[in-house]
């Protein structure tokens with residue numbers, strides 16, 4: 001069960017307010033000869049009159065027309081053996097450009113055939129063939145490419161290599177006929193350096209390339225993502241340093257595309273901001289996080305993000321940028337409290353300041369925003 005409250009005050013634009021209740025009710029059978037099945041109902045209901053959220057993909061918790069979401073989000077059969085897992089039907093996925101994007105009321109869901117295999121030591125192979133997609137703020141399964149007036153499926157293949165517990169190397173390729181081919185590489189070392197007093201340095205790097213295929217129904221695509229992350233942990237404290245560079249076009253298949261092509265959440269390490277602006281064409285983003293884990297029950301973190309936008313690239317129609325923005329600074333304070341396995345409370349206080357005169361876009365988009373959101377989960 002989940003309750004979500006959002007309150008956003010914006011300059012020169014309508015404020016946003018929402019209170020929604022719902023969650024996921026699911027059942028999975030026991031296995032017979034390795035075969036089992038499962039179903040889940042997804043529910044999100046606006047509490048009138050508090051839900052007054054103008055349509056905005058990332059912050060929308062209901063259908064585009066404002067009605068409640070009541071959907072059969074999962075309905076699958078699966079087979080599991082010692083090394084292999086197969087699942088077919090409606091399901092949630094965990095792949096770089098196709099995942100459940102579960103940061104609001106409900107997750108993304110897919111109609112797909114997925115497979116995982118662990119036959120080789122330290123290697124996990126993953127793959128999926130996706131024929132349908134339900135955006136998190138919708139109750140209808142559609143073709144993943146319906147917004148371009150065509151019906152194309154998604155093919156994803158990849159592997160996770162763990163030579164030793166602290167090091168993970170991930171390689172994936174996402175192919176959509178007549179849209180794009182998108183190879184992705186990520187390397188994470190959770191213990192690059194460790195001192196005698198227990199201070200640890202971890203690092204990660206990510207690279208995504210997107211290029212159009214076939215008839216290029218979404219336009220000629222040629223862009224990339226390069227991201228780096230470094231975290232120093234000492235006792236209960238940690239500090240992260242984050243950086244992102246985007247190519248000449250905004251990314252496709254990620255959170256910044258919303259219901260247009262938001263098969264997955266924001267993929268950048270710099271995903272701290274309100275509207276996913278670090279995925280815009282030509283964006284350069286950097287930031288830092290200072291966190292404190294008091295215990296397994298409570299964690300709090302202060303976050304800062306700066307994004308340099310490119311006027312020239314955003315103004316070009318070929319940039320595919322939906323959220324054209326000026327340069328900005330964002331400040332967040334996040335906290336999580338989980339006293340037991342059944343209950344979790346998350347809060348965020350955010351302030352985004354657009355920089356006056358930083359770009360020609362500022363005069364048309366001068367809407368600094370302050371918002372607070374609270375998400376409460378109860379697992380039963």
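Since every read-out is calculated from the coordinates, none of them should be taken as a lab result. Bear in mind that the values here come from a model prediction, so they are computed numbers and not experimental data.
Descriptive notes on the structure:
- Residues considered: 350, 14, 196. Largest GNM mean-square fluctuation over the chain, using C-alpha springs under 10 Å, is found at 196.
- In terms of its C-alpha gyration tensor, the range 241-290 has an oblate overall shape, because the principal axis ratio a/c (a ≥ b ≥ c, square roots of the eigenvalues) is not below 1.5 and a/b does not outweigh b/c.
- Gyration tensor verdict on the range 63-103 (Cα atoms; rounded if a/c is under 1.5, prolate if a/b is larger than b/c, oblate otherwise): oblate
- Choice from 279, 11, 369 with maximal GNM fluctuation in the chain (Cα, 10 Å cutoff): 11
- Rounded, prolate or oblate (a/c below 1.5 giving rounded, otherwise prolate when a/b exceeds b/c) for the chain by Cα gyration tensor: rounded
- Taking the chain as a Gaussian network of alpha-carbon nodes connected by springs under 10 Å, the highest mean-square fluctuation of the residues 253, 73, 38 belongs to 38.
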